[in-house]
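Down below is the structure, laid out as C-alpha cells.
The values are calculated or read from the model by the stated rules, or taken from the named source; none is laboratory data. Please read these numbers as outputs of a predicted model, since none were measured by experiment. Cβ coordinates were reconstructed from backbone atoms using ideal geometry, including for glycine residues, and neighbour counts include every protein chain displayed. Just so you know, the surface numbers come from the protein's heavy atoms only, side chains and all, with ligands and any DNA or RNA stripped out. Shrake-Rupley method; radii C 1.70, N 1.55, O 1.52, S 1.80 Å.
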Amino acid sequence: MRTMTNTVVLIKQVPDTWSERKLSDGDYTLDREAADAVLDEINERAVEEALQIKESSGGEVTILSAGPERASDAIRKALSMGADKAIHIKDDLMHGSDSVQTAYVLARALGTVEGVELVIAGNEATDGRGGAVPAMIAEYLELPHLTHLRKLTVEGETLTGERETDEGITHVEASLPAIVSVTEKINEPRFPSFKGIMAAKKKEVQVLSLAEIGVEPSDVGLENAGSTVTSSTPKPPKTAGERVTDEGDGGTKVAEYLVGQKII
C-alpha cells in the first residue's frame, strides 16, 4: 500500500477581488500593479488539500507558480501554510501569455520535479476565470485529470472524487500519477501560524527562467498568444435604480422596463 504521496500544487498570485482591477493601456493585459496582490483564494484550498494528504500519507508538498517578482509573496504564504518547498518560474518573456501558453510552461516546469505523483490546482483563478489550465496541462503530459472536485480521496494508487455541476453530482476515479482541480467547496484552508511564517523564510524557493525549463521565446508572450484583446471599456459607475410605484399596474411597468432593457 502507498504510504507517500509527492504532490505539486499550482498557485497563482492575483489582484485582490476587492481592489479596483483594470487592464493596461496599450496592450490590454492585466495591470497587476494597479491592485493589491494576493494568493488566489481557491489556490489556498488546493494547498490545504495537499497538506491534508501529506498529513495522512506522508510525502512532500511542492508549490509551483509562474509570475513576476511579487508572486514570491503568494509563494511564501503557501509555504507558511506548511508546504515544503517551491518553484518560481520568473521570466519577463511570459508577459501577455494566454492560457494555452501558461499551461505549456507549467507542464514543462512539472517535468523538472522528480517523483511527482499528484498535481492539485484550483479549478479557476479569480483574475481569468478560464478554468481550463489544469486540463490543458494534463493533455500536455498525457496524464488523467479529475477536474472541478468538491471532494478528493487518495487510497493507494487510486484517486476518487466528486464533481458537482448543474446536472448533479458525478463520481470520478483515476490512477496516479494524475492532475486534479478543486473548487471552493473542497475544504476550509488553515491560517498560517507564526511558526509557519517564520519557517517559510528558510524554505527553498527555486527560481527558474523559461530557458532553464526548455521553453523557447516563440512559445510564449503576447506576440505569440492565440487570443488578443483589441479594446476595453471601463465598467460604468453605479447609478440609482428606477423606482416603480405600484398603482395596480406595477407588474406591467416592471415587464415593460425589462423589455426595454432587452432583458426579456
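Key figures for this structure:
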read-out	value
Where only alpha carbons of region 107-264 are counted, the Rg and the Dmax (Å)	23.8, 73
The chain, relative contact order in percent, only Cα pairs under 8 angstrom and at least six apart counted	23
Within the chain: Cβ-based charge dipole about Cα centre, in debye rounded to nearest 20 (Lys, Arg +1; Asp, Glu -1)	740
Size descriptor, Kirkwood hydrodynamic radius, that averages inverse alpha-carbon separations across region 1-158, Å	16.1
Dipole magnitude (debye, nearest 20) for region 30-187, charges at Cβ of Lys, Arg, Asp, Glu	200
Above-threshold pairs, the threshold being 25 Å between Cα atoms, out of Lys22/Lys238; Lys90/Lys151; Lys151/Lys201; Lys77/Lys185	Lys90/Lys151; Lys151/Lys201
Cut-off 12 Å between beta-carbons: net charge of the residues surrounding Asn224, Lys and Arg +1, Asp and Glu -1	-4
The chain, accessible surface, carbon-and-sulfur percent (1.4 angstrom probe)	49
Folded to 0 to 90 degrees: helix 250-260 orientation relative to the chain principal axis, Cα	70
Per DSSP, loop GluC sites (Glu not before Pro) in region 180-214 with at most 15 further Cβ within 10 Å	Glu184, Glu204
Computed FRET value (nearest 0.05) for Thr158 with Ala132, which takes r as the C-beta separation and R₀ as 22 Å	0.30
Principal-axis tilt of helix 41-57 within the chain, Cα atoms, nearest 10 degrees	30
Quotient of C-alpha Rg and 2.2 N^0.38 Å, computed over the chain	1.17
Backbone HN-Hα couplings from phi across region 145-155 [Karplus 6.51/-1.76/1.60, Hz, Gly and Pro as x]	9, 10, 10, 6, 8, 9, 8, 9, 10, 10, 9
Separation in nanometres of the label points that stand 7 Å from Cα toward Cβ, at Lys262 and Thr230	1.9
Coordinate range along principal axes, alpha carbons of region 86-145, Å, largest first	30, 23, 19
Two-site label geometry, Lys185 and Ser218: point separation in nm, points 7 Å out along Cα→Cβ	4.6
Bins of 10 Å from zero: percent of alpha-carbon pairs in region 113-154	24, 54, 22, 1
Region 68-187 - Debye-derived log10 I(q)/I(0), Cα point model, q = 0.10, 0.14, 0.16 Å⁻¹	-0.33, -0.66, -0.87
Size of electric dipole in region 110-261: Cβ of Lys, Arg +1 and of Asp, Glu -1, about Cα centre, debye, nearest 20	860
Listed residues Thr7, Thr233, Ala103: farthest to the positive end of the dipole of the chain (Cβ charges)	Thr7
Cα-Cα separations in region 144-209 greater than 15 Å, expressed as whole percent	64
Ordering of 90-100, 240-250, 167-177 by packing [mean C-beta count within 10 Å, highest first]	90-100, 167-177, 240-250
Relative contact order, percent, region 39-91 [alpha-carbon distance under 8 Å, six or more residues apart]	41
